[in-house]
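Read the structure below first, then the notes.
Please treat every number below as a calculation from the coordinates, not as lab data. What you see is a predicted model, and the numbers here were worked out from it, not measured in a lab. Here the Cβ positions follow ideal geometry from the backbone for every residue, glycine too, while neighbour counts run over all protein chains shown.
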Amino acid sequence: MEFETSEPPTSHPMETDEPHPPPLQDPPRIHRLDESVVNRIAAGEVIQRPVSAVKELVENSLDAGSTSIHVSVKDEGLKYIQVSDDGYGIRYEDLPILCERHTTSKLSAFEDLQSIKSMGFRGEALASMTYVAHVTVTTITSGQLHGYRVSYRDGVMEHEPRACAAVKGTQIVTVEWRRCS
Ligand SMILES: Nc1ncnc2c1ncn2[C@@H]1O[C@H](COP(=O)(O)OP(=O)(O)OP(=O)(O)O)[C@@H](O)[C@H]1O
Ligand SMILES: [Mg+2]
């Protein structure tokens with residue numbers, strides 16, 4: 001058996017005048033991100049600017065069968081956004097999970113995506129808003145004598161829903177906008 005051999009090097013590589021490559025650094029350790037960091041990064045993908053929140057809230061109002069939607073914004077949404085609709089409202093028993101990530105009334109199985117008619121389906125918009133702002137929801141469903149109001153931060157309810165006067169539908173207010181991306 002024959003092997004091709006190349007010319008022997010004229011000098012040892014260590015003896016050339018070429019500069020040595022810098023020594024490799026130790027690789028940084030890989031770790032799992034805290035859930036709070038993951039959630040804030042994910043929120044920044046859904047809600048890049050306050051105006052993204054307005055879009056998401058109006059889409060929710062349309063999905064709720066509203067015929068009238070009112071939007072108020074202060075300081076381009078950085079100070080205050082309010083979206084009120086006359087849609088079907090949100091059930092009292094759903095309020096505890098309303099602003100958790102991946103909670104939705106619009107999708108159950110993956111196959112449902114083929115026939116989905118709503119504007120939203122990911123169950124991410126409200127959750128994302130709570131990671132970048134303080135969110136208060138006031139809502140009443142048909143046939144109820146009073147509505148409920150509850151506030152959220154970082155995906156969770158800050159207190160039990162409180163009974164309150166409410167007109168038909170849902171009102172969502174966001175304040176105290178924080179940097180998200
Ligand atoms: N204005 C509203 N009126 C009635 N129900 C609402 C309203 N806003 C939100 N909801 C309910 O809250 C759920 C969560 O809303 P969210 O916007 O977070 O998710 P989604 O609309 O299902 O999906 P996406 O994240 O794609 O918007 C909705 O699926 C809907 O059931
Ligand atoms: Mg939505």
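Descriptive notes on the structure:
- Cross-link reach list, lysines versus Lys79, counting only Cα pairs under 23 Å and skipping chain neighbours closer than eight places: Lys55
- For segment 127-181 versus segment 87-126, the gap between their alpha-carbon centres in whole angstrom: 16 Å
- Of Gly169, Ser115, Leu62, farthest towards positive along the dipole that unit charges on Lys, Arg, Asp, Glu beta carbons give the chain: Gly169
- Protection proxy ranking for 77-84, 31-38, using the average of other Cβ atoms within 10 Å per residue and placing the highest first: 77-84, 31-38.
- Test item: Cα-centred dipole of the chain, Lys/Arg +1 and Asp/Glu -1 on Cβ, debye: 1620 debye
- Along segment 38-47 the Karplus relation, 6.51 cos²θ - 1.76 cosθ + 1.60 evaluated at θ = phi - 60°, assigns HN-Hα couplings of 4, 5, 6, 5, 4, 4, x, 6, 8, 10 Hz to successive residues, with x for each Gly and Pro.
- Cα gyration tensor category, rounded, prolate or oblate, for segment 58-172 with a/c compared to 1.5: rounded
- Comparing mean-square fluctuations of Thr67, Thr141, Thr130 from a GNM of the chain with C-alpha springs under 10 Å, the top value falls on Thr67.
- Degrees between helix 50-63 axis and first principal axis of the chain (Cα, 0 to 90, nearest 10): 50 degrees
- Estimated [θ] at 222 nm from DSSP helical runs (n ≥ 4, -39500 (n - 2.57)) normalised by residues in the chain, nearest 500: -5500 deg cm²/dmol
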